Each structure stands twice: as C-alpha cells, then as structure tokens.
1. Sticking with the crude label model, points 7 Å out along Cα→Cβ, report the distance from PHE134 to ARG83 in nm, one decimal please.
2. Kindly report, to the nearest 10 Å², the accessible surface of SER9 as traced by a 1.4 Å probe over protein heavy atoms only.
3. Carbon and sulfur: what percent of segment 119-169's accessible surface (1.4 Å probe)?
Amino acid sequence: MDHDNKKLSSTEHEQLLKTHQTNLIAYIATTLFGVLMAAVLIPNFVKVKKNADFGPEKFPYIVAGIFIVLGLTGLVLEFLSIRRDGVKMSVPHIQIRKYIPQAVMILTGFAFIFAASAFGFLITAALFTVVWLFLYGSGRWKFNIIWAIAYSVLIYLLFSQILGIRFTGGVFGI
C-alpha cells in the first residue's frame, strides 16, 4: 500500500506503526533464535559427528540457518516497507504483561532442553507437551495425555528413524 499520495489519519498511522514494530520484533527474535541454536544449543545438546558428510546430522544447522536467513530477510523487507510507507519509527513501548505466555513458552523450551538431556527426549517431550497443552487452555486430561504421547512418539520416530538424528537418551536411555 503506497501511503505517499494520501495523508494518514492519526489512528491509521498508529496502527501502521504498531504493525511494523511487531514485525520488527518478530524478525529480530527469529534471527536471534537461529543464532542461539547454531552457537549454543546445537553444539551443546545435539550429538553431531565431526567431519560428517552433508546429511541428517547437519539438519539442526540447516534449521538454524533457515531461521537466520528468514529473520534477516524479514528485517530487510520490513525496513523497506517502513521506508515505502513513510512511517517515522520510534522505540516501541513494550507492555511485558502481554508477553507472559510467550515468555513462559520460551522458558519452558529451555527447561525442556535441559530436562531432555537428563531424562531423554521421549519422556521429556511427552511431559512438556502435556504441560504446554494445559498452559494454553486445553483442560481435557485424557486428550492431553494421549496427544502428548502420540505426538512425542511420532516426532521421535520422524527424527530418529527417518532423518537419522540421534537424541540424548538421558538416564532412561530413551
């Protein structure tokens, strides 16, 4: 939408500004997550053979690279859109209370990584999936447990059997 030819109302400008700020925050978070994956999480928690051929063992780095490329691409496109829209950017006023669910998800994601190295991926994934389902509104015990087990087993089989990625077994070896 080209805003050069028409004057935006205060409300329209404010909405456009909020949209751009939200997009910038999302792209920065995506980029930083990719960097965090590549620099910290993968080297410390994924067992990758040294000098491995390009294949399943490089998959985590490919995912991290995709996050980085998509985040940076989004940032560039958003800055071009801001320039095209003629929006004057300011530092966003972030209301932390609005982001509590996202913060809980991120923190439990890190807790998941550490718990998976101790107890194994399969058990940890099932437990955390049940917790996440309850956190985000599903109050059905039977459904949550069945879904968590099925989802965890399917993800485990996809990555371990089809993609050939090994998970840490933890104390239980699974």
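1. Rounded to a tenth, the inter-label distance reads 5.1 nm.
2. 50
3. Values: 2510 of 3240 Å².
Of the solvent-accessible surface of segment 119-169, carbon and sulfur hold 78 percent.
The values are calculated or read from the model by the stated rules, or taken from the named source; none is laboratory data. Computed from a predicted structure; not experimentally measured. So basically every Cβ, Gly included, is an ideal-geometry build from the backbone, and we count neighbours across all protein chains shown. Surface accessibility is based on the protein's heavy atoms, side chains included, excluding ligands, DNA and RNA. Shrake-Rupley method; radii C 1.70, N 1.55, O 1.52, S 1.80 Å.
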